[in-house]
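These notes are about the structure you will find just below.
The values are calculated or read from the model by the stated rules, or taken from the named source; none is laboratory data. Since this is a predicted model, take the numbers as computed values, not measurements. Virtual Cβ from ideal backbone geometry, glycine too; neighbours counted across all protein chains shown.
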Amino acid sequence: MEYFLTDEQKMIVELSRKITDELIIPERARLDQEEIFPTEILKKIAEADLYGLYIPEAYGGFGGGVMDFILAVEEFSRGCIGVSVSFAANALGIYPVLAFGTEEQKQKYLPAIAAGTKQAAFGLTEANAGSDAGGVQTTAELKGDYYILNGTKQWITNGGEADTYTVIAMTDKAKGARGASAFIVEKGTEGFTFGKKEDKLGIRASATRELVFQDCKVPKANLLGKEGMGFIVAMKNLDHSRPGIAAQGVGLAQGAMEAAIKYSRERVQFGKPISAFQANQHKIANMATEIEAARCLLYATARTIDAGIKDFSMESAMCKLYATDVANKVANEALQIFGGYGYMREYPVEKMFRDAKILQIYEGTNEIQRNVIALDAIKKSAKQDK
Amino acid sequence: MNIAVCIKQVPDSDKVTIDRETNRLNRTGVPSVINPFDENAIELGLQLKDKYGGKVTVITMGPPQAEQALRDCIAVGADDAYLITDRKFAGADTWATSYTLSLAVQKAGNFDVVLFGKQAIDGDTAQVGPGVAYFMDIPVITYVKEAEKTDKGFKVKRVTEEGYQVWEVDGQAAFTVVKEANTMRLPSLKGKMRAKSATITTWGADDIGVEEEKIGLKGSPTIVRKVFSPPIKTNRETIQNEDPKQSVKELLGKLKERKLI
Ligand SMILES: Cc1cc2nc3c(=O)[nH]c(=O)nc-3n(C[C@H](O)[C@H](O)[C@H](O)COP(=O)(O)OP(=O)(O)OC[C@H]3O[C@@H](n4cnc5c(N)ncnc54)[C@H](O)[C@@H]3O)c2cc1C
Ligand SMILES: Cc1cc2nc3c(=O)[nH]c(=O)nc-3n(C[C@H](O)[C@H](O)[C@H](O)COP(=O)(O)OP(=O)(O)OC[C@H]3O[C@@H](n4cnc5c(N)ncnc54)[C@H](O)[C@@H]3O)c2cc1C
């Protein structure tokens, strides 16, 4: 398929592919089994100038957009989505500063992320606020020059590893969703600690931890946007980041399919390579077609966002939903082509199968994506009737 | 510090296939890469630049398509690149190659150090580094693993079969660099963008002022009498630790592993 990438985008793909082949693929099994955070690989990604792809040049970035970013995420994900989510969560953590920060906040926080010398994370979810983000119970109370944060965020990607956190907390509980605000919280702030690292089914190279706030003193200057804008910040951030999750899906599916096709040419049963059996061929045909369809939707969405279209919630939800469902289907079929060998740790599809599941859960479950898409479609229909 | 690195473009040995009919190497269509050992020379050059400042200049003698290897060097951080190319250079042996390169290096700048790979993976002679140094009349240290600047020149670690030697050299010098020295860094996006638009200076025979009878086939006195594989030396391994107890433990482990005890 000709995707009309610019020369620079081709370079991004080439570089990311090199990093994936030379650094991620050889290490992924060990990172997974021993649950090692990929600090070294992230450092190499930063040295290759890929941390700041979506950050403006004025703040030390490359000055690209979502398209440039997802090309890198897709390639890394072909190797390991535990690594790629650790990379991508930086964008989720810092985009609120990029989109809603003051000039001072941008100057202060963006350059270090663009250079990859610091990591970022985004803290929205709590024990009682998952899909229903409106149930956030963490509070932020203004006292003098500080907001005092109390509460616990749960399952935060890059938690403990990151230096800069965007955190959603209630400044006015009585107002419900309109009473939430977004804050930049730095690691090391008094009263800010971390829970233990979660033991997970997949993406085990990534770090998922609780963020614990106990009378945590956050300077007033770290409020993002205005009081009450917390949910707008969170929702805009998720709309903007979902293509990144779709890219994880496309990349993972691509890696699983490539492994399965290669294996099917080598494995001989009944005197023939198993790729000669139509049952396997049809699996391959379906995988190849659906991956390409997911990629088309993803690239079109990324370009829609980069074109400056204002409302892209629906497109962003669609590409996340479709690409991550495809990833799960492909991981499943790829493992099936491997047969019993696929169930063993020595082949990469076992890990891909475990890893794929998270894609249907985080950044909004796929049920929630369907809600968003359906509501948008119904709203549009109602508008036409008027 | 002004650093020159001589690099050679070679066929990617991972991608060379053998023609099943003729049992010959299929060279056509095989992608070319920077000679793997030259990557170590480039990295050493870049590390010296990181540490002491200055510039890394890469030079290759080869056909016009060798330009790509030079651009790949710029992508990892080289500053300037020279392509030495002329039909007249064709058929050069190591003597003529060294002569030609030595003139190019001298014309390209006044370098504190000229770096080479240990050997080229296609020619494999390991002669060009010392050859260039000979023609430039500067000292050469082969099999270098580490190098640092001193007041007057350099202090280097040189790998030998027994371990390593430490050498000091005054003034301008040439080193050939071993694989153990380092791993070449990855290119960066900014580097790749610079590589794409960088100007590569191209010089022919007339530009570097060669004596015609010393270049190409005419200037190549080597006659190949016989090609053979030298007897294989048995693998030697040195076990060296701060604590001799640890060395004994490792030795016993290895002997047990081979079922010798
Ligand atoms: C590994 C990992 C990393 C994560 N990283 C982050 C992070 O960095 N930052 C962050 O803020 N959060 C993060 N999360 C949280 C993640 O976004 C939530 O888990 C997710 O939004 C779902 O919330 P929940 O788990 O509470 O599920 P619930 O909301 O309890 O949902 C349970 C089930 O009910 C369905 N459901 C719920 N409500 C509806 C509805 N209205 N309609 C239809 N179906 C519904 C869901 O689809 C799901 O199937 C992470 C989670 C994991 C597991
Ligand atoms: C007997 C003989 C006859 C030959 N005849 C021909 C011939 O007819 N036609 C032909 O095309 N080739 C011929 N060659 C090959 C050619 O001479 C060598 O490829 C070339 O001289 C480099 O030698 P090498 O490959 O052994 O490099 P080595 O000496 O092993 O290389 C050591 C280092 O020198 C540097 N270096 C080597 N070559 C270059 C270069 N070209 N530019 C910049 N730096 C370099 C690199 O840093 C390299 O790591 C012949 C070689 C021999 C030995």
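Can you pull out every residue in segment A:46-70 that is β-branched (Val, Ile, Thr) and under 16 Å from the mean Cα position of the chain (by Cα)?
Restricting attention to segment A:46-70, the residues satisfying the condition of being β-branched (Val, Ile, Thr) are A:55, A:66, A:70.
Of everything in segment A:46-70, those that are β-branched (Val, Ile, Thr) and under 16 Å from the mean Cα position of the chain (by Cα) turn out to be A:Val66, A:Ile70.
Tell me whether segment A:15-27 contains one or more residues that are more than 8 Å from chain B (Cβ to nearest Cβ), touching a residue at least 40 places away in the same chain (Cβ under 8 Å) and touching a Cys at 6+ places or on another chain (Cβ under 7 Å). Scanning segment A:15-27 turns up at least one residue that is more than 8 Å from chain B (Cβ to nearest Cβ), touching a residue at least 40 places away in the same chain (Cβ under 8 Å) and touching a Cys at 6+ places or on another chain (Cβ under 7 Å).
Can you tell me which of (1) buried (at least 24 other Cβ atoms within 10 Å of the Cβ); (2) in contact (Cβ under 8 Å) with a residue 60 or more places away in the chain; (3) away from ligand 1 (no atom under 16 Å from the Cβ) is the one A:Gln9 doesn't meet? With respect to (1) buried (at least 24 other Cβ atoms within 10 Å of the Cβ); (2) in contact (Cβ under 8 Å) with a residue 60 or more places away in the chain; (3) away from ligand 1 (no atom under 16 Å from the Cβ), A:Gln9 is out only on (1). Scanning segment B:156-165 for residues that are exposed (fewer than 14 other Cβ atoms within 10 Å of the Cβ) and either part of a strand (DSSP E or B) or hydroxyl-bearing (Ser, Thr, Tyr) (or both) returns B:Thr160, B:Gln165.
The residues of segment A:43-75 that are surrounded by fewer than 22 Cβ atoms within 10 Å (Cβ to Cβ), in contact (Cβ under 8 Å) with a residue 60 or more places away in the chain and more than 13 Å from chain B (Cβ to nearest Cβ) amount to a single one, A:Gly65.
Hey, among the residues in segment A:109-128 that are surrounded by fewer than 18 Cβ atoms within 10 Å (Cβ to Cβ) and of a type outside the set (Ser, Thr, Tyr), which one's nearest to ligand 2 (Cβ to nearest atom)? Among those that are surrounded by fewer than 18 Cβ atoms within 10 Å (Cβ to Cβ) and of a type outside the set (Ser, Thr, Tyr), it is A:Ala115. Can B:Leu103 be described as more than 14 Å from chain A (Cβ to nearest Cβ), away from ligand 1 (no atom under 16 Å from the Cβ) and within 20 Å of B:Glu211 (Cα to Cα)? For B:Leu103, the condition - more than 14 Å from chain A (Cβ to nearest Cβ), away from ligand 1 (no atom under 16 Å from the Cβ) and within 20 Å of B:Glu211 (Cα to Cα) - is met.
Among the residues making up segment B:226-261, those that are over 26 Å from the mean Cα position of the chain (by Cα), loosely packed, with under 10 Cβ neighbours inside 10 Å and basic (Lys, Arg) are B:Lys245, B:Arg258, B:Lys259.
Is it true that some residue in segment A:83-102 is under 19 Å from B:Lys192 (Cα atoms) and either within 14 Å of another protein chain (Cβ to nearest Cβ) or buried (at least 20 other Cβ atoms within 10 Å of the Cβ) (or both)?
Restricting attention to segment A:83-102, the residues satisfying the condition of being under 19 Å from B:Lys192 (Cα atoms) are none.
The answer is no, given that none of the residues of segment A:83-102 is under 19 Å from B:Lys192 (Cα atoms) and either within 14 Å of another protein chain (Cβ to nearest Cβ) or buried (at least 20 other Cβ atoms within 10 Å of the Cβ) (or both).
Checked against (1) more than 16 Å from ligand 2 (Cβ to nearest atom); (2) in a helix (DSSP H, G or I), B:Phe37 passes all but condition (1).
Based on what the data block shows, is B:Lys192 charged (D, E, K, R) and buried (at least 18 other Cβ atoms within 10 Å of the Cβ)? So B:Lys192 fits the description; yes. Against the conditions (1) in a loop (DSSP other than H, G, I, E, B); (2) modelled with pLDDT under 95, A:Lys175 satisfies every one except (1). If we scan segment A:373-384, do we find a residue that is surrounded by 17 or more Cβ atoms within 10 Å (Cβ to Cβ) and either away from ligand 1 (no atom under 16 Å from the Cβ) or under 19 Å from the mean Cα position of the chain (by Cα) (or both)? No, that holds for no residue.
Any residue in segment A:241-268 that's more than 24 Å from A:Leu124 (Cβ to Cβ): show its pairings with residues that are outside any helix (DSSP H, G or I) at Cβ separation under 7 Å, as long as the two are six or more apart or on different chains. Hits for this filter: A:Ala259/A:Pro348; A:Ser264/A:Pro273; A:Arg265/A:Pro273; A:Glu266/A:Pro273; A:Arg267/A:Pro273.
Taken over segment A:297-351, the criterion of being closer than 18 Å to A:Gln369 by Cα and aliphatic (A, V, I, L, M) is satisfied by A:Leu297, A:Leu298, A:Ala300, A:Ala302, A:Ile305, A:Met314, A:Ala317, A:Met318, A:Leu321, A:Ala323, A:Val326, A:Ala327.
Picking from residues in segment A:117-129 that are within 9 Å of ligand 1 (Cβ to nearest atom) and over 16 Å from the mean Cα position of the chain (by Cα), the one that is farthest from A:Thr164 (Cα to Cα) is A:Asn128.
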